[in-house]
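Undergrad: The following block contains the structure, expressed as structure tokens.
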Amino acid sequence: MQLVEQLLQVSTNLYKVLDDTLISEERDEYIAHIHELLDQRKIIIDMLVKEGGFRFDKQNRIHCKLLELDNGIKERLEIVINSIKKDLTNLQKAKKNESQYYNPFASVRVMDGMYYDKKN
């Protein structure tokens, strides 16, 4: 039962971290901390499975709490992932706009001003 309590503690910490707002200056540390907690959670879950298989019991309130935390963690991870994807697409757009600003005629493919002499 000690592993289940450890899993509950790590899951609660992860839930709290994911509940915090993402500050763009501290994004790398934030993501690293999330990865660390997810890795700890995975190790505990693997140990639970190795020990004899974890059986979910609806009557056990720790198991119900773990299920609620797991669903909340999944939702918040999706929000964080979507935020990062949105920032990446905005960065790509900014790069494209910057290159168009420095060379506005790079994408133009007209052949105006060219003259071909066919006399031989």
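Undergrad: Could you look through the range 11-28, keep only residues that are assigned to a helix (DSSP H, G or I) and either of a type in the set (A, V, I, L, M, F, W, C) or at pLDDT 90 or above (or both), and pick out the one that is nearest to residue 80 (Cα to Cα)? So that I can check it myself, show each step before the final result.
TA: Within the range 11-28, the subset assigned to a helix (DSSP H, G or I) is 11-19, 24-28.
Now drop any that are not either of a type in the set (A, V, I, L, M, F, W, C) or at pLDDT 90 or above (or both), which leaves 11-18.
On the way: 11: 16, 12: 17, 13: 16, 14: 13, 15: 12, 16: 13, 17: 11, 18: 8 Å.
That would be 18.
Undergrad: Take the range 11-33 and flag every residue that is over 14 Å from residue 68 (Cα atoms) and of a type outside the set (Asp, Glu).
TA: 17, 18, 21, 22, 23, 24, 27, 30, 31, 32, 33
Undergrad: Residue by residue through the range 80-99, note down the ones that are open to solvent by 90 Å² or more (accessible area, probe 1.4 Å) and either closer than 28 Å to residue 14 by Cα or modelled with pLDDT under 90 (or both).
TA: Answer for the range 80-99, where residues must be open to solvent by 90 Å² or more (accessible area, probe 1.4 Å) and either closer than 28 Å to residue 14 by Cα or modelled with pLDDT under 90 (or both): 85, 86, 88, 95, 96, 97, 98.
Undergrad: So, one more: Restricting attention to the range 29-49, report how many residues are open to solvent by less than 50 Å² (accessible area, probe 1.4 Å) and over 21 Å from residue 82 (Cα atoms).
TA: Adding up the residues that qualify gives 3.
Undergrad: Can you go through 67, 38, 77 and tell me which one is under 15 Å from residue 7 (Cβ atoms), modelled with pLDDT of 90 or more, part of a helix (DSSP H, G or I) and hydrophobic (A, V, I, L, M, F, W, C)?
TA: Working: 67 fails: modelled with pLDDT of 90 or more; 77 fails: under 15 Å from residue 7 (Cβ atoms).
Testing whether each residue is under 15 Å from residue 7 (Cβ atoms), modelled with pLDDT of 90 or more, part of a helix (DSSP H, G or I) and hydrophobic (A, V, I, L, M, F, W, C) leaves just 38.
The values are calculated or read from the model by the stated rules, or taken from the named source; none is laboratory data. Computed from a prediction, not measured in an experiment: that's the story for all the values here. Cβ sites come from the backbone with ideal geometry, for glycine too, and all protein chains shown count toward neighbours. To get the accessible areas, we keep the full protein, side chains included, count just its heavy atoms, and leave off ligands, DNA and RNA. Shrake-Rupley method; radii C 1.70, N 1.55, O 1.52, S 1.80 Å.
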